Amino acid sequence: MSIIKKIKSIILPMRVTGKYMVSKPFTVMYPREKAVVKKQWRGLHGLHSNKCIGCGLCRMACPNDCIDYIYPEGVDPRDRKQMKLRRPAIDWGHCIFCGLCVEACPTGAIHHTQEYKIYATSDSRLDLIRTPYEIATEDDVRKIYDDELSKIRELMQTDLLEVAAGGEWEEVIKKLRERWRDLWYMKLDGKLDEETWDKKAREIEEIVLEIIKQVSLP
Amino acid sequence: MVDPALVIISFILNIISETLNFVFSILGLPDWLYLPLFITAITLTFLLALVLDILFIIWMERKVIGRIHHRRSITETGPVGFLQNVADLIKLLVKEDMHPSNADKFMHFASPVLIASIALIPAVLIPYGPETFFMRMNTSIVLFYAISTLIPGVVVLAGWAGNSKYSTIGAFRAGLQLISYEIPLSLSILGVILMAQSLDFYRVIEIQSNIWFIALQPIGAFIFFIVTLMELERSPFDIPEAEGEILVGWRTEYSGLKFGLFYAAEYFKFFIASAAFTALFLGGWHGPFFDSVIYFLIKMHIVMLAMVWVRVTFFRPRPDQLIKISYTKLIPLSILNLLWVVLINPFVIPLLQ
Ligand code: SF4
Ligand code: SF4
């Protein structure tokens with residue numbers, strides 16, 4: 001009996017390693033081969049802009065405060081009826097890819113894509129903050145910004161910038177943003193003409209950009 | 001049917017002799033130089049083939065181990081990583097040569113050379129094919145193992161010359177391994193010798209033309225396989241090296257080319273031991289259609305693959321467990337094998353003739 005057991009104890013491990021010997025390796029030659037991710041992989045976010053109803057649940061679900069909303073041009077955020085037009089912007093620099101926002105979304109507008117490469121094309125922290133136009137899945141909504149200033153103009157509506165800057169700069173940007181918002185509301189009310197608004201807003205945005213660059217990625 | 005390997009070998013020999021003739025006619029060298037030069041050229045060719053084969057073996061070993069670990073192993077240098085070993089070799093060659101300040105300098109230099117050359121000598125005693133062998137002698141098996149037994153002695157010297165506690169422990173463990181494998185090794189070979197009624201490798205292979213000895217004495221083959229692993233200091237019996245316990249045992253203080261020589265000696269031994277297993281138990285060059293050195297090489301590489309396979313699968317026993325395995329399991333089993341051989345010999349020998 002014990003002899004059979006001993007022979008088995010030799011043969012069984014050999015069988016296991018033998019099976020592995022002819023099986024394919026798990027390693028993916030990453031830069032050359034694309035890594036295959038599972039269906040349930042929580043990759044970078046995408047947004048079906050036409051499905052989103054601007055309900056605000058994704059922001060409430062997020063444990064890290066990395067979602068805030070952006071209104072389209074010319075829409076007054078003080079009008080509660082226009083709320084359905086706002087779309088989420090995400091700061092991937094703070095996101096932990098927990099998937100709670102996706103779970104909370106009632107329409108399936110915000111979702112995880114299969115994309116796993118999160119990279120910055122410059123050394124700017126701004127690269128990791130994505131506006132809804134950048135993560136939109138529909139081609140007609142998608143937008144690529146020519147320069148950082150035009151992206152900052154969109155992001156001035158959100159609190160993502162001050163959270164990203166953090167520390168002592170948080171208060172500074174908050175104040176700048178309040179000034180910016182006053183100007184914006186004045187422009188929406190028609191008290192400010194297009195040119196002056198552009199000039200004044202641009203001044204504030206340049207300061208904010210300067211701060212963001214200071215706290216940039218190394 | 002013509003043996004294709006023989007055609008290739010005679011072609012190579014022709015090239016060598018033609019080149020030598022050409023050189024002699026140009027330089028006008030004296031005739032008595034011809035034979036030594038011819039022998040040197042053949043030896044160098046054989047060594048080149050051996051080194052190429054060993055590069056292949058190391059590559060195969062790394063690849064197989066990688067696959068069993070679900071890795072890819074070497075892939076980057078050359079096609080399927082084949083040139084990685086060449087790169088490693090070059091790295092070893094250009095490394096600085098060092099020795100411990102209080103070590104025995106002479107032995108520290110001599111032992112790598114001694115081991116590499118002693119490990120290579122038995123290669124000439126094995127007949128690889130019916131017509132391709134270096135020499136035939138009546139007692140080649142005895143000489144083969146007599147030479148192989150020298151190696152642990154040099155290992156003890158090398159470990160002592162390392163002048164560190166790890167190499168000394170490793171050296172003593174090598175001695176301990178020697179006393180545990182020598183007896184079952186001789187007993188398992190004795191089975192083959194009794195059945196073939198000869199001490200000659202050539203005769204042992206010749207007599208296996210109908211049936212291989214592994215079928216007639218499987219226990220003997222099993223013991224011989226295990227004992228070969230012990231002799232080669234390969235996992236799971238790499239007790240003298242025992243990475244993770246005593247660094248690399250008796251080789252701890254050796255670097256650069258010295259380490260390279262030890263490494264080469266290890267693979268020479270690997271090559272020769274699997275050749276011996278093929279000759280003693282797997283019928284050597286016998287195969288379907290024709291008898292050829294090709295069959296010998298194929299069988300030999302399968303034996304190597306099996307050894308690598310065993311290496312990845314099992315863990316290392318403690319030194320005391322090794323002695324226990326050897327004295328309470330392997331020796332009784334090999335005596336049993338001997339009894340079995342004596343019992344079936346009267347019926348088997350007429351069949352073998
Ligand atoms: S995945 Fe990112 S954005 Fe969504 S809830 Fe989690 S932290 Fe917030
Ligand atoms: S993405 Fe979903 S949860 Fe977020 S505002 Fe739009 S509909 Fe609501």
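Listed values, structure above:
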| item | result |
| --- | --- |
| Amide H contacts under 5 Å for A:GLY46, placed H, 5+ residues apart | A:HIS111, A:HIS112, A:THR113 |
| About the Cα centre, charge dipole magnitude for the protein assembly as shown (Lys/Arg +1, Asp/Glu -1 at Cβ), debye | 2040 |
| Charge-dipole axis of chain B as Lys and Arg at +1 and Asp and Glu at -1 on Cβ define it, positive-most pick from B:PHE237, B:GLY191, B:ASN14 | B:PHE237 |
| Mean Kyte hydropathy of 0.0 or more with a Cα span along the axis of at least 18 Å, helices from DSSP in chain B | B:4-27, B:34-68, B:105-120, B:140-162, B:165-196, B:218-232, B:256-281, B:293-313, B:331-352 |
| Cα shape, region B:197-353, gyration tensor, a/c 1.5 rule | oblate |
| nm² value of the averaged projected area, convex hull over the Cα atoms of region B:1-94 | 10.2 |
| Exposure proxy order (Cβ contacts within 10 Å, fewest to most) of A:LEU100, B:LEU216 | A:LEU100, B:LEU216 |
| Computed helical MRE - 222 nm, chain B, DSSP H runs ≥ 4 contributing -39500 (n - 2.57), nearest 500 | -23500 deg cm²/dmol |
| Loop-located chymotrypsin sites (Phe, Trp or Tyr not before Pro) in region A:109-218, at most 15 other Cβ atoms within 10 Å (DSSP) | A:TYR116, A:TYR119, A:TYR145 |
| Folded to 0 to 90 degrees: helix A:169-188 orientation relative to chain A principal axis, Cα | 50 |
| Efficiency of FRET between A:LYS51 and B:THR77 - r from beta-carbon atoms, R0 45 angstrom, step 0.05 | 0.30 |
| Amide H contacts of B:GLY287 (H built 1.01 Å from N, under 5 Å, at least 5 apart or other chain) | B:SER292 |
| Rounded tilt (10° steps) of A:2-22 against the dominant C-alpha axis of chain A | 40 |
| Distance between modelled label sites at A:GLU195 and B:GLN197, nm, 7 Å Cα→Cβ extension | 12.0 |
| Longest site-free stretch - chain B; sites: GluC sites (Glu not before Pro), DSSP loop, at most 11 other Cβ within 10 Å | B:97-242 |
| Those trypsin sites (Lys or Arg not before Pro) in region A:3-56 that DSSP places in a loop and that have at most 13 other beta carbons within 10 Å | A:ARG32, A:LYS34, A:LYS38, A:LYS39 |
| Backbone N under 19 Å from the B:PHE315 label point (7 Å along Cα→Cβ), restricted to region A:1-29 | A:6-18 |
| Lys pairs under 27 Å by Cα in region B:100-352, provided they are eight or more residues apart or on distinct chains | 10 |
| Kirkwood Rh and Cα Rg combined as Rg over Rh, evaluated for chain B | 0.99 |
| Region B:299-345: chymotrypsin sites (Phe, Trp or Tyr not before Pro) in DSSP coil with no more than 16 other Cβ atoms inside 10 Å | B:PHE315 |
| Label zone at A:CYS98, where the point sits 7 Å out along the Cα-to-Cβ direction: region A:50-68 residues whose backbone N lies under 19 Å | A:56-68 |
| Projected label distance in nm at B:LYS105 and A:ILE11, using a 7 Å step from Cα toward the beta-carbon | 6.0 |
| Sorted by Cβ density within 10 Å, fewest first, the residues B:ARG318, A:ARG86 | B:ARG318, A:ARG86 |
| Percent antiparallel among DSSP beta bridges (both partners in chain A, rounded to 5) | 90 |
| Calculated over region A:45-214: convex hull of Cα atoms, volume per residue (Å³) | 121 |
| Extension reserve of the B:ILE323-B:ASN210 stretch, reckoned as 0.36 nm per residue once the Cα distance is removed | 37.0 nm |
| Projected label distance in nm at B:SER186 and A:MET29, using a 7 Å step from Cα toward the beta-carbon | 5.3 |
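Computed from the coordinates by the stated procedures, all read-outs in this text should not be read as laboratory data. Nothing here was measured: the structure is a model prediction, and the numbers come from that model. Ideal geometry is used to build each Cβ from the backbone, glycine not excepted, and the neighbour counts take in all protein chains shown.
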